[in-house]
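One structure below.
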Amino acid sequence: VLELLKGVQRGSQNRKKSLSRLHWALQNKETQQKFVRLDGSIRTLIGLFTSSLADMQMEAARCLHELSHSSDPAVAEACLPVTSYLLTYLSGPSVEFTELCLYTLGNLVVESEAVRKQLLPQGIIPVLASCIQSPHEAVLEGLGYVLSQLLQAKEAPAEIVPLVLDSVLPQHMLRLVCSGLKTSIGAAVEFAWCLHYIVCSRRADAALLSLGALPALTSLLLDLASEIPPDAPEGLELLICPVLRCLSNLLAEETGCQVQIRDERLLIALFLILQHFSQQHPFMVPECLWLLNNLTADEPFFCSALLSLDLLPALLRLLPCSRMASLLVLTVLCNIAEKGPAYCQQLHQQAALPLLLPTLALPDSEVVGQCLELLRLLFLHCPEAAADFVRQGGHQALKQHQDTPQLQERARALLDMVGQPLGASAFSSCQPTLSAFS
């Protein structure tokens, strides 16, 4: 390492060769740590990085990029003096060089709070904002990477998100996410995660909603679902995932959002995405179900639409997919059942009960507890469901939980309910039709 550094410093004819070899050597973790400890090492790289020799400048940039990959905060902090130069060169004419500077910045901010604290006063957010209208996909993807790393920092909600919201970045990020299929999926993925992190900061809902984020992301999801080919483009699921999360979190945080997106096509889109990705990318199942949960939590429109579009069988088939899928499916069913007798009647008529019995036999008390809550709502609003439950052996399934500490109170309450004669005061009368739906 020392010999390579000397070769670079001497300025001999072989300097470029030494610099190129140093670039490859710095891919090794131990070499990175040894290099930054050598006197004048970073200063030498900065000198070449800021030189007027384009080939030397590029090789020095590659060396700095390799150093930025280090997970050792000491290496990242050794690179502190180069951060202002990295920002300066983001406006350079070379796309490859700009891209390299962006990824080096992104890597450095991940590992070091000291680097982040130095970059903010240096004006990193305005500089990044000036790059977002670049026509080059590689630059946009690198820019999205830097922003996504900054927005995940622990100090982001208090120190970084406000700066981002005061810039032109949010509207351009939303535009680039929504045009992802036409431009660059890679950049759209990065910016979609940026929007997600902004929403999660709990400081940005009003700002994003004022930009039309809800209808824009809804429209994008409809487009993505309608254009899923048999062989979807690589990485499409990586774009859909943060879009689902953004919508879910906006709905969770802002009352009245459901009214803004009363579009039953959104439910169809969710189930098309589930149908296409659930086998190959099972992580998509809870992502879709979480949005479905937030859509049905308060708004009868989506509960009614789910039943009238005959999507309940597809929802019930997701029960055994995973623990999280089971919990979310049961929660969505509870959301529907809470809306009253007409909804419970539909759940009962579409054969929900037989699929709930195996769930009661699971060893997971949280899943079983959610199933018990669903049964309580069904029995409360639809006495026929209670009678059929007993006929199908559900009485015995409940008895096995009457001594489980977390479940015994609810299990015994349900046993009392099913033990009463049909039509007793514990039940309200069922409505035979869905005329009560809004």
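With the helix formula -39500 (n - 2.57) applied to DSSP H stretches of n ≥ 4, the chain reaches a computed 222 nm mean residue ellipticity of -20500 deg cm²/dmol.
Suppose R0 equals 35 Å; then what is the FRET efficiency for Ala351 and Gln152 from their Cβ-Cβ distance, rounded to the nearest 0.05? Don't skip to the answer; put the middle values down first.
On the way: r = 44 Å, r/R0 = 1.26.
Efficiency at R0 = 35 Å is approximately 0.20.
Partner lysines whose Cα lies under 28 Å from the Cα of Lys17, excluding those fewer than 8 positions away in the same chain, are identified as Lys6, Lys29, Lys34. Here the chain has 52 percent of its accessible surface on carbon and sulfur atoms, given a 1.4 Å probe and all protein chains in place.
For region 1-42, give the magnitude of the charge dipole about the Cα centre (Cβ charges: +1 Lys/Arg, -1 Asp/Glu; no others), in debye to the nearest 20. Before the final figure, lay out the partial values.
Values: 9 positive and 3 negative charges, 32 e Å.
About 160 debye.
Mean separation of Cα pairs under 8 Å and 6 or more residues apart, divided by the residue count, gives region 1-122 a relative contact order of 21 percent.
Applying 0.36 nm per residue to the separation of Asp388 and Leu2 and subtracting their alpha-carbon distance, the gain on full extension is 130.9 nm.
The label-point distance for Lys399 and Gln280, in a model that sets each label 7 Å from Cα toward Cβ, rounds to 4.9 nm. First measure r as the distance between the Cβ atoms of Ser71 and Arg202, then evaluate 1/(1 + (r/R0)^6) with R0 = 45 Å and state the FRET efficiency to the nearest 0.05. Working from the Cβ atoms, E equals 0.95.
A simple count of charges around Glu3, restricted to other residues whose Cβ falls under 11 Å of its Cβ and scoring Lys, Arg +1 and Asp, Glu -1, yields +3.
With r as the distance between the Cβ atoms of Gln408 and Ser94 and R0 = 60 Å, compute the FRET efficiency 1/(1 + (r/R0)^6) and round to 0.05. Walk me through the numbers on the way to the answer.
Numbers: r = 69 Å, r/R0 = 1.16.
E(calc), rounded to 0.05, equals 0.30.
For region 125-231, what's the relative contact order in percent, using C-alpha pairs closer than 8 Å and at least 6 residues apart? Averaging sequence separation for qualifying contacts and normalising by length gives 29 percent for region 125-231. Rank Pro121, Gln149, Phe97 by how far each Cα sits towards the positive end of the charge dipole of region 96-176 (+1 on Lys, Arg Cβ; -1 on Asp, Glu Cβ) and give me just the farthest. Farthest towards the positive end: Pro121.
Across the alpha-carbon set of region 1-122, the Rg to Rh ratio works out to 0.94, Rh being the Kirkwood radius. A straight Cα-to-Cα reach below 30 Å connects Lys339 with the lysines Lys399, residues fewer than 8 places away in its own chain not being considered.
Evaluate the relative contact order of the chain (contact order divided by residue number), counting alpha-carbon pairs under 8 angstrom at least 6 apart; express in whole percent. Write down the numbers at each step before the final one.
Values: 537 pairs, mean separation 34.4, N = 438.
Reported relative contact order: 8 percent.
The values are calculated or read from the model by the stated rules, or taken from the named source; none is laboratory data. If you're wondering where the values come from, they're calculated on a predicted model, not measured in any experiment. Note that we place each Cβ from the backbone using ideal geometry, even for glycine, and neighbour counts take in every protein chain shown. Just so you know, the surface numbers come from the protein's heavy atoms only, side chains and all, with ligands and any DNA or RNA stripped out. Shrake-Rupley method; radii C 1.70, N 1.55, O 1.52, S 1.80 Å.
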